[in-house]
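Novice: Let me begin by handing over the structure; questions about it come next.
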Amino acid sequence: MSGLGKFLEDYRSGCPNDFVQIEDPITIEYETTAYYKIFETRNPVLWFKKIKNYPDFTIASNILGDKRRMAWSIGCGSSDLFKKWREITSYSGSISISDHRAEVKQLVTTGEDVNLFELPVCKHFLQDGSSLGLPRYVTSGLAAARDPLSPDTINLSYARMQIISKTEYAFDLGSKGHFERYVELSKQRGKALSVSIIIGAHPLYYMLGAAFIENEYSKASKILDAKYTNGVTNDIPVPSDAEIVLEAEIDPTRSVKEGPFSEFTGYVSKTTTGNVGCVQAILRKKKAIFYDIIPSNSNEHVNLFSMPRDSAASQIFEETMPKTSNYELEWPLAGSHLLAFCGVTQPSPGLAKQAGIAVLALDPLFTKIALVTEGKTDLNLSTFLMNLALDLRECENRVSIIEDLFCITLDPTAAERGVTAKVIIVAKGRNRPYRKTVDGDEVRLEADSAKVVFSHHASSEGEVNLVVGDDIDLTSERELIWAVSTRIRPDEDILLEKNRMVITATRKFAEVPELPPDLLTEIRRRLKYI
């Protein structure tokens with residue numbers, strides 16, 4: 001066993017408390033999503049060993065839902081993740097291509113024998129694919145393609161893939177990466193683009209595919225002694241120990257209204273480029289592991305695109321900010337990279353606000369809320385708002401709202417032209433203990449004479465009042481962060497009164513993805529220890 005299977009076995013052996021193996025048979029009908037939701041707080045790797053109607057497959061999920069696992073997969077500790085990652089992405093080595101005993105070619109089907117429905121492609125949420133009534137999506141497909149202008153350059157990119165027939169899939173190119181450029185160049189030339197879709201490989205390839213770089217195979221050689229094999233119907237090399245590979249051509253003449261789809265923001269998106277791929281061959285191992293990345297704002301989905309951005313932004317931040325202070329940066333997964341915490345110890349006057357400006361500038365596509373703390377303290381929403389409430393007399397000097405800034409169009413608060421307001425809020429850092437009480441439809445945090453109130457309806461109490469929708473659990477830090485990140489436009493939903501701030505995070509810009517009724521209850525019944 002090698003590749004993804006070896007990684008899973010090694011990780012299960014080395015970190016058994018962070019690994020859940022499901023022995024009960026599951027279906028592809030929304031169940032991988034439901035199991036993930038049940039285990040979301042614990043956040044382990046999930047490996048489903050028996051798939052009904054698909055006896056030759058297992059399914060693995062949430063492999064990279066935690067930065068600790070990312071670090072483990074590249075052979076370092078969590079504190080060294082960014083350092084090791086930068087070493088990998090700055091490396092350029094050679095790769096070895098050979099057809100000798102390639103595991104991924106144990107079973108090969110071509111031409112009329114190709115049938116994508118024979119793969120355990122999962123349904124994830126009820127709204128997914130509803131425009132065509134075709135809800136099965138490949139969420140872990142790494143598209144390997146050659147640059148049409150420089151064929152020696154090979155790129156790995158992501159594109160969600162909706163199965164629309166035995167041999168075809170529709171996909172979206174909204175990530176604006178290299179693969180989109182390749183597809184557009186092929187369209188201009190009127191030629192089909194060859195691509196190989198890798199489903200299941202060593203986690204490093206998935207991390208590299210999310211990094212918006214090229215020649216990922218050469219980077220991977222920094223830590224992997226990998227072998228590659230050329231395709232059966234194309235000349236694109238893929239890892240010899242990949243689990244499944246789909247060899248396809250992108251049809252430049254076709255467009256299909258793919259979607260909607262549950263995106264990283266935690267909402268259903270109807271946006272799509274509607275491209276179409278035609279599969280010419282399926283290569284796979286006899287006992288293949290189907291890798292399923294849970295969509296919407298799952299830990300793995302957000303963490304995959306966040307980590308490379310975090311690393312790049314943190315490096316520039318460290319290199320350019322004044323060395324008179326120490327800094328901490330953190331983008332919580334719950335915020336879908338739209339919200340960042342920044343800690344500034346021993347700050348000079350104005351340095352904290354400057355740090356907030358830097359955070360927004362270093363991640364212009366995503367980050368719109370920078371919560372900056374002056375002084376050493378825990379970086380979480382409750383502590384930040386409590387510290388803000390303790391010193392709200394200076395509120396006007398601590399809140400900076402900037403209107404009409406560029407943002408990713410999937411930001412639920414973005415106007416049609418792709419702009420939103422962004423905000424920097426500065427609080428003094430204190431580790432003062434506070435009392436937390438739950439009283440009916442309110443949660444109160446109190447320290448000294450200051451109070452923070454979380455509520456479903458506007459409250460007259462508290463120096464800081466965070467108002468969220470009825471669907472948000474007021475006791476869940478994760479849900480509160482998600483509401484703040486995705487349901488406010490800072491210029492319209494942050495109200496500064498005398499010695500008081502009201503944050504209203506109640507807008508619902510789009511549908512929230514849903515699972516079939518009672519499915520979570522049914523699976524909890526199966527998992528009697530939950």
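Novice: Taking Cα pairs under 8 Å and at least six residues apart, what relative contact order does the stretch 297-364 come out at, in percent?
Specialist: Working: 62 pairs, mean separation 21.8, N = 68.
Taking the mean separation of contacting Cα pairs over the length of the stretch 297-364, I get 32 percent.
Novice: Here is a further query. Under the rule a/c < 1.5 gives rounded, and otherwise a/b versus b/c splits prolate from oblate, where does the stretch 69-290 land using the Cα gyration tensor? Before the final figure, lay out the partial values.
Specialist: Values: a/c = 1.45, a/b = 1.27, b/c = 1.14.
Taking the square roots of the gyration eigenvalues as a ≥ b ≥ c, the stretch 69-290 is rounded.
Novice: Taking the Cα centre of the stretch 284-418 as origin and charging only Cβ (+1 Lys, Arg; -1 Asp, Glu), how large is the dipole, in debye to the nearest 20?
Specialist: On the way: 12 positive and 17 negative charges, 141 e Å.
With Lys and Arg at +1 and Asp and Glu at -1, about 680 debye.
Novice: Continuing with this model, one more query. Taking a ≥ b ≥ c as the square roots of the eigenvalues of the Cα gyration tensor of the stretch 321-505, is the shape rounded (a/c under 1.5), prolate (a/b larger than b/c) or oblate?
Specialist: Values: a/c = 1.64, a/b = 1.10, b/c = 1.49.
Oblate shape, in that a/c is at least 1.5 and b/c is the bigger or equal ratio.
Novice: Percent relative contact order of the chain, based on C-alpha pairs within less than 8 angstrom and at least six residues apart? Each step should come with its number before you reach the end.
Specialist: Values: 1211 pairs, mean separation 70.5, N = 530.
Result for the chain is 13 percent.
Novice: Still on this structure, please answer the following. Kindly flag which residue pairs out of LYS508/LYS528; LYS52/LYS191; LYS83/LYS368; LYS67/LYS353 have an alpha-carbon separation exceeding 30 Å in this structure. Working shown, then result.
Specialist: Numbers: LYS508/LYS528 35 Å; LYS52/LYS191 40 Å; LYS83/LYS368 26 Å; LYS67/LYS353 28 Å.
Distance filter (> 30 Å) returns LYS508/LYS528; LYS52/LYS191.
Novice: For a quick check: sort MET161, MET70 by the number of other beta carbons within 10 angstrom, fewest at the front. Working shown, then result.
Specialist: Working: MET161 26, MET70 23.
Placing the least packed residue first, the sequence is MET70, MET161.
Novice: Tabulate in residue order the Karplus-calculated ³J(HN,Hα) for the stretch 203-208, using 6.51 cos²θ - 1.76 cosθ + 1.60 with θ = phi - 60°, rounded to whole Hz; enter x for Gly and Pro.
Specialist: x, 4, 4, 5, 5, 5
Novice: Give me the net charge of SER78's neighbourhood, meaning all other residues with Cβ under 10 Å from the Cβ of SER78; Lys, Arg count +1, Asp, Glu -1. List each step's numbers first, then the result.
Specialist: Values: positive: LYS67, ARG68, ARG69; negative: ASP66, ASP80.
Charge balance in the 10 Å sphere: +1.
Novice: Ranking ASP491, ASP441 by Cβ neighbours within 10 Å, fewest first, what do you get?
Specialist: Numbers: ASP491 15, ASP441 12.
Fewest-to-most ranking of ASP491, ASP441: ASP441, ASP491.
Novice: Could you please rank CYS407, CYS342, placing first whichever residue has the fewest other Cβ atoms within 10 Å of its Cβ? Present the calculation step by step, with values, prior to reporting the outcome.
Specialist: Details: CYS407 20, CYS342 23.
Listing CYS407, CYS342 from fewest to most nearby Cβ atoms yields CYS407, CYS342.
Novice: Same structure, new question: Measuring from centroid to centroid over Cα atoms, what is the spacing of the stretch 393-444 and the stretch 129-159 in Å?
Specialist: 35 Å
Laboratory data are not the source of any read-out in this text; all were calculated from the coordinates shown. All of these numbers come straight from a predicted model, not from anything done at the bench. Reconstructed Cβ throughout: ideal geometry from the backbone, glycine too, with neighbour counts over all protein chains shown.
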